[in-house]
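Written below as structure tokens is the structure these notes are about.
A short reminder: the numbers here are calculations on the coordinates, not readings from a lab. Computed from a prediction, not measured in an experiment: that's the story for all the values here. Glycine also receives a Cβ, built like all others from the backbone with ideal geometry; neighbour counts cover every protein chain displayed.
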Amino acid sequence: MARSHHRHKKYHPQKHHPTATSKARRRGGTIVFIIFLGIFGLGIGYFASGTITAVVIGAVIGGFIGYVIGHNLDNLARKK
């Protein structure tokens, strides 16, 4: 009778199928940081002087900083 524990086990490696990532999925960090830091900059502009000009400038600067941080994080995640 055959002894199954002496047989060579057949090895089937798992095949890796990379999923196609959509553009929205790859840029998720950028959008989140733009929104978050834009609102944060809006609050800083409001508490700093309270004028509409300061609020708009704070939101724009916060959004720009959010874009830079989010873009760098997305590039770092894409490299891995």
Check your understanding: Which ³J(HN,Hα) values, rounded to whole Hz and listed in residue order, are derived for the range 56-65 from phi using the Karplus coefficients 6.51, -1.76 and 1.60 in 6.51 cos²θ - 1.76 cosθ + 1.60 with θ = phi - 60°, glycine and proline given as x?
Key -> 5, 4, x, 5, 5, 5, x, x, 5, 5
Exercise for review: Can you tell me which of 66-79, 35-48 comes out highest on packing, and rank the rest after it, using the mean Cβ neighbours within 10 Å?
Suggested key: 35-48, 66-79
Check your understanding: With each pseudo-label sitting 7 Å past Cα toward Cβ, what's the Lys79-Phe40 distance in nm, one decimal?
Key -> 2.2 nm
